[in-house]
1. For A:Gln103, go 7 angstrom from Cα along the Cα-to-Cβ vector, then report the distances to that same point in the other copies in nm, smallest first.
2. What are the residues whose amide H is under 5 Å from the amide H of A:Leu174, where those residues sit 5 or more places off or on another chain and H is modelled from the backbone?
3. Given points 7 Å out from each Cα along the Cα-Cβ axis, report the B:Glu218 to A:Gln66 separation in nanometres with one decimal.
4. Helix B:53-65: angle to the longest alpha-carbon principal axis of chain B, degrees 0 to 90, nearest 10?
5. Go ahead and set up a Gaussian network model of chain A, Cα springs under 10 Å, then flag whichever of A:Pro181, A:Pro73, A:Pro148 fluctuates most.
6. Could you quickly flag the chain B residue whose beta carbon comes closest to the rotation axis taking B to A, and that distance in whole angstrom?
7. If each residue of separation counts as 0.36 nm, what is the full-extension length gain between A:Ala150 and A:Arg185 once their alpha-carbon separation is subtracted?
8. Residue by residue through B:114-121, how many Cβ atoms from other chains fall within 10 Å of the Cβ on average?
Number of protein chains: 2
Amino acid sequence: MSARTSPASAQSAAAPPFLTEPVEDYLKAIYELETRTGAAATTDVANALQVAPASVTGMIRRLAAQGLLDHVPYRGVQLTEMGRRAALRTIRRHRILETYLTQVLGYAWDRVHDEAERLEHAASDDLIERMSAALGHPTVDPHGAPIPTADGTVDERNHRTIADLTVGETVRMLRVSDKDPELLRYLAEIAMQPGVSITLLQRAPFDGPLTLRVGSGEQVVGSTLAAQVLVESLPVPEASASDAGSPSTRPRSARKSSR
Amino acid sequence: MSARTSPASAQSAAAPPFLTEPVEDYLKAIYELETRTGAAATTDVANALQVAPASVTGMIRRLAAQGLLDHVPYRGVQLTEMGRRAALRTIRRHRILETYLTQVLGYAWDRVHDEAERLEHAASDDLIERMSAALGHPTVDPHGAPIPTADGTVDERNHRTIADLTVGETVRMLRVSDKDPELLRYLAEIAMQPGVSITLLQRAPFDGPLTLRVGSGEQVVGSTLAAQVLVESLPVPEASASDAGSPSTRPRSARKSSR
DNA sequence: TGAAATATTTAGGGCGTGCTAAAATCACGC
DNA sequence: GCGTGATTTTAGCACGCCCTAAATATTTCA
């Protein structure tokens, strides 16, 4: 693609030409690492994308040259504003696609990730907005992840997990990663889906299994699983009655806008 | 992509790894040239794909090596059975996508080609079949092109065009290419869509404009446009009355299966 | 029939993305 | 404060797909 004389091309712009598929994948991965751990190390990116570290270094050089991120050698990378916007654009597409696939086309929630992963690079903005409209402009995807708006804002808070609960506490399930189909299938089996109410009934010592009330059923789950399920304290814990931990634990609204 | 150790990968297979996006585009283009003109010349493929002829030679070499087509140097190419199946798979996706975009997501028929062109490479078989099912398994796309079945059969007949009509003849519009948005917009303006009834009222000499009855309106169109609109003789031309050309002009059902 | 026009292929590159192996740098514990 | 292991980068290469220029084959027509 060195010197093509691309003719007129299209009307419903797909993506700026420099946002190739691999580039979008890198930006997305870096964005996710950055928001989770504050910075993205070469090795982490390599793991996330299943690519050799040396390949990451190479790509990072190109992305930095294009102004999509800043790179301090041996120190990791940080997205620029432009890079962040591009990443959020891809994430928006991904999540709207996942929502559309489950709600309109009947996909199971453990099957949408791979499909969305491919479509997110091919769909035009127009298509994404049409899907969003058809869904009534949803704000979360089927796994509970917030959908960035078209102008690039997301409600990206750090939530607690089931593993963080104190015994007796009741919360609402918010979210789980979309990346592990097996986990998702299992969660569906035990009726753990975003929105369901969860109470920690009992916690075995030494990182042992947790006994939960999930909706109207009772389940015993391992601590690994528990650590992957994000939850939110119930807004008003039913006036009077039990006095659990902190009633007003609404975490500060980290709007994740500029930096 | 030389020696990746791809891990486990997926469940809802996207496409065999050797069917890259450019490869699918080449096969599709070659298939279309082949069915229209019997064989595909290097230059024609180059024109169809907006690529230099030398690039076509190079790609053809690779495709022949993979057994997707046969190449006699200086003589053009022909798809093998494998190549033909791959081409029809892509065409099926393209046409189902176009149908879905117009019927479900409200796209105008002149906007679907580009979008489908990109999505056809990314959608899984599963997604395509779900869309097809949601549409009630349509057999033609919005432009009247037949949709190949999943097992690779198409009803690919050679139809007449408006330019072939004799004055006074009435036919049903069948199909028009999806590739020229301007043409499609204009056709929509004058209410020429697949299914509409068309009568040739008058033909100006020297390749001049044609006067048509289109549905209930009257239109004058140029011969270039006329040559691009495929039509079909009416099954039973209304017992008695006018005696137009050949009543049983159902062209031999060229099922286009093996060769 | 033979030369000009046209079509096709070869030769020689470029760029993007990936890999391995080896070198450079960093980080940490003794 | 320094060695050692982990991390990161550099070096060198492969492959897919595209390009231009030049060579070669085919076709056409005077």
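1. Ordered by increasing distance: 2.3 nm.
2. Amide H neighbours of A:Leu174, under 5 Å, 5+ apart: A:Gly195, A:Leu230, A:Val231, A:Glu232.
3. For the pair B:Glu218/A:Gln66, the computed spacing is 5.7 nm.
4. Tilt relative to chain B: about 60 degrees.
5. A:Pro73
6. B:Ala122, 2
7. On the way: separation 35, 0.36 × 35 = 12.60 nm, distance 3.05 nm.
Full extension of this stretch gives 9.6 nm more.
8. On the way: counts 8, 8, 1, 3, 10, 6, 1, 3.
The mean count of partner-chain Cβ atoms within 10 Å per residue comes to 5.
No value in this document is a laboratory result; all are computed from the given coordinates. Worth saying up front: this structure is predicted, and the values here are computed from it rather than measured. So basically every Cβ, Gly included, is an ideal-geometry build from the backbone, and we count neighbours across all protein chains shown.
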